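Every number here is computed from the coordinates shown, using simple stated rules; none is lab data. This one's a predicted model, so the numbers in the text were calculated from it and none came from an experiment. Every residue, glycine as well, gets a Cβ built from its backbone with ideal geometry; the counts of neighbours run over all protein chains shown.
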Amino acid sequence: MLLACRKPGLRPPLLLLLPLLGPLGPCSPGTPAAAAPADDAAELEFFTERPLHLVSPAFLSFTIDANLATDPRFFTFLGSSKLRTLARGLAPAYLRFGGNKGDFLIFDPKKEPAFEERSYWLSQSNQDICKSGSIPSDVEEKLRLEWPFQEQVLLREQYQKKFTNSTYSKHSVDMLYTFASCSGLNLIFGLNALLRTTDMHWDSSNAQLLLDYCSSKNYNISWELGNEPNSFQRKAGIFINGRQLGEDFIEFRKLLGKSAFKNALYGPDIGQPRRNTVKMLKSFLKAGGEVIDSVTWHHYYVNGRIATKEDFLNPDILDTFISSVQKTLRDYWLSLLFKKLVGNKVLMASVKGPDRSKLRVYLHCTNTKHPRYKEGDLTLYALNLHNVTKHLELPHHLFNKQVDKYLIKPSGPDGLLSKSVQLNDQILKMVDEQTLPALTEKPLHPGSSLGMPPFSYGFFVIRNAKVAACI
């Protein structure tokens, strides 16, 4: 699942998240770091005897909110070669199409494409669709000018919780699937669970229309049914209990059983699993748990409408996720670094001493697909929530190993709210619409402490660590 903190305001679907970053001071590579004051030193402890967990190669993944379909013209943004390049950098990953609006979307196979969609497809008709040019410039400019007005419509629905039904066409499905396929992503499509018969069973007829179309196009898609069914009463005045929802999933699985593909089914996509939501989840799993491939739920650190910068620096809020998944999403560049440097074997790292909660440290085997690294290497990533610089000290047996530093900070005067990012003091930006920048390391002198300026985030690859669990 993608777990993301939402901010007020919506942008065209560039899939970027705000980083937990802050100002960083200089760090000179190639020379030993000066001894840190005792109060600023943080001794690390690693457990590397065996992996504690294995994460999917698709971790982390991301979502396109279903409200994009409120006006299908804006699906045309998915034809952007720049957007596809950015998404391809995060592959392998799941692309989830879902959200509150998903339960108010109806597939209409006879609906004509919007002018913008038709213009895009006509411009690509004689090309390899995955190597095609960008959106026609006049179409893209028109959509960008109109997006702020569409944003207001979406925000009004979101905040008032007054959703209206919208229809989407087969052309919109084509655009979404092509974007996922050309970006190396596996599409998860969330279907409308609020379509009900008079006796309150799920009406699967619209889903069958979509499945038939996807089958005719050989689209291999995974599925969800409903978004946060625990909130259906508030959103739509309809109450569905867990048992009924489980029966609905059984019906859906029967439909999928007729497909030539081995389609995965995920659910129930509930909100924060607590109190009544837990009761719904238990009832759902008892009734229909055997037909799903994975259980899904949504984790929210804070209320996105009233969240402050201080909330994102609060270790108590970060601790709310310990019992579920152990990594949050940052902005795009942070996500890209994670994908390139972090492998799927999870090890244990901790900070010795008191007040450990404000130094968040995580340890994995290094991603050996990176050409610079090999089996046995370690990747440490860390977040400093202190308002002073902290110096991380590796365990004694790793103290003299070569370490590559990847330290990120915001660029410009806006601090934590900056939209541009520096990696090792170099601004990260695309070379062109089809080329991502090099993510260049900064080697540290063996024996150096790992300096973490206030509110900073960094990755440190420990080379030639020769950790058996990573070989």
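Between their Cα atoms, which of 142/442; 352/466; 258/282 are more than 31 Å away from each other? Could the numbers behind the result be given before it?
On the way: 142/442 43 Å; 352/466 23 Å; 258/282 28 Å.
Checking Cα-Cα distances, 142/442 exceed 31 Å.
Counting only residues 5 or more places away or on other chains, whose amide H sits under 5 Å from the amide H of residue 223 once H atoms are built in the peptide plane?
Correct list: 189, 264, 265, 266.
Among the lysines, which fall within straight-line cross-link reach of residue 162, defined as a Cα-Cα distance under 24 Å, with same-chain neighbours fewer than 8 residues apart omitted?
Once the sequence-local lysines are set aside, what remains near residue 162 is 7, 101, 235.
When the convex hull of the Cα atoms of region 62-307 is projected onto a plane and the area is averaged over all directions, what value comes out in nm²?
Its average projected convex-hull area is 13.8 nm².
For region 62-307, give me the percentage of DSSP beta bridges that are antiparallel, rounded to the nearest 5 percent.
Bridges in region 62-307 are about 5 percent antiparallel.
Where does each of 425, 331 land when they are ranked from fewest to most other beta-carbon atoms within 10 angstrom?
Ascending Cβ contact count within 10 Å gives the list 425, 331.
What ranking do 361, 461 get, fewest neighbouring Cβ atoms within 10 angstrom at the top?
Numbers: 361 22, 461 25.
Exposure proxy ranking, most exposed first: 361, 461.
Treat each spin label as a single point 7 Å out from the Cα along the C-beta direction, and report the residue 445 to residue 152 distance in nm.
6.0 nm
Quick check on packing: order 214-222, 445-453, 232-240 by the mean number of other C-beta atoms within 10 Å, highest mean leading.
Values: 214-222: 16.1, 445-453: 20.0, 232-240: 14.4.
Per-residue mean Cβ counts within 10 Å order the peptides as 445-453, 214-222, 232-240.
Rounded to the nearest 0.05, what FRET efficiency do residue 427 and residue 258 give with R0 = 60 Å and r taken as the Cβ-Cβ distance? Could you check?
0.70
Taking neighbour counts of Cβ atoms within 10 Å as a proxy for exposure, in what order, fewest first, do 47, 107 appear?
Exposure proxy ranking, most exposed first: 47, 107.
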